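Input: a single structure, listed below in structure tokens.
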Amino acid sequence: MTVSNDDDLAALKRIGRIVAETLEAMGRAIEPGMTTRELDGIGRAHLDAAGARPAPELAYNFPGATCISINEEIAHGIPGDRRIRPGDLVNIDVSAEKDGFFSDTGASFPVPPVTRAVARLCRDGRRALWVGLREVGADRPLSGIGRAVGAFAKKNGYTLVRNLASHGVGLSLHEEPKEIATWPDASERRIMREGLVFTVEPFLSLGADFADDGDDPWTLYSRPRALTVQYEHTIVATRNGPLILSTAG
């Protein structure tokens, strides 16, 4: 969507704050021994308390309020009986709707003990997100995001998963512009118009460049198998750069 008035922007900020606070609460709650279903329940309770509805359920009948992916799983993991263990890398993706507006955010959380390689990967995953965000602005090319993130990944010895893209959001969970590459894409010609609402969410990896289907209809796995992190914000393109909506109050 393109923000056209202050009321819409206020509504987007409300749902952005809700998903950000839910993600933070889930991250704080992670501990070895708990199941991903229990962690998902914490997220659902936060969304319910804020009067928001889980977007994966609403839009796609996903079997959970949030997506929780561990280690070799890199996206769309189904909450269930899998227990979180020491040393796991847990990705949480939270998206929700309130009053007809949607927001989407995500982050990866290492469970102690954390190796030096995983700590560096998480640090650089956050850096990659901000490298992409710095390319956001009204009348700037969408391709700038992927070029900048790609240069960062190459310089620091990482790969990027190239079939999980950023996307438009706002009045639905996934909308135009779809398939916004967070890797270099020479075919990308679109321009960010002022007020455009979309996500930036690079998948930075220790070797994977593709996401593969698994045994269930949802969970995606790294190919080749390699630890991968994702950090995501919902933003508005403005003449002063990105206005980040998915921030906690």
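Descriptive notes on the structure:
- Region 212-234 residues that are under 19 Å from Ala128 (Cβ atoms), paired with ones that are of a type in the set (Phe, Trp, Tyr) and surrounded by 15 or more Cβ atoms within 10 Å (Cβ to Cβ) (beta carbon under 7 Å, 6 or more apart): Thr228/Phe203; Gln230/Phe203
- Residue selected from region 121-169 under the condition within 15 Å of the chain's Cα centre (by Cα) and assigned to a strand (DSSP E or B), by the criterion surrounded by the most Cβ atoms within 10 Å (Cβ to Cβ): Ser166
- Meets criteria (assigned to a loop (DSSP other than H, G, I, E, B), more than 23 Å from Phe102 (Cβ to Cβ) and either at pLDDT 95 or above or not basic (Lys, Arg) (or both)) for Ala226: yes
- Restricting attention to region 170-196, the residues that are within 24 Å of Ala208 (Cβ to Cβ) and crowded, with 19+ Cβ neighbours inside 10 Å total 4.
- Long-range neighbours under 9 Å by Cβ, at least six apart or interchain, first residue in contact (Cβ under 8 Å) with a residue 12 or more places away in the chain and outside any helix (DSSP H, G or I) within region 3-14, second buried (at least 17 other Cβ atoms within 10 Å of the Cβ) and of a type in the set (Asp, Glu): none
- Against the list (1) among the hydrophobic types (A, V, I, L, M, F, W, C); (2) closer than 28 Å to Arg123 by Cβ; (3) assigned to a loop (DSSP other than H, G, I, E, B), the condition Leu173 fails is (2).
- Given (1) in contact with a Ser or Thr (Cβ under 6 Å, 6 or more places away or on another chain); (2) within 26 Å of Thr238 (Cα to Cα); (3) of a type outside the set (Ser, Thr, Tyr), number of the condition His46 does not satisfy: (2)
The values are calculated or read from the model by the stated rules, or taken from the named source; none is laboratory data. This is a predicted model, so every value here is computed, not measured. Cβ atoms come from the backbone with ideal geometry, glycine included; neighbour counts cover every protein chain shown.
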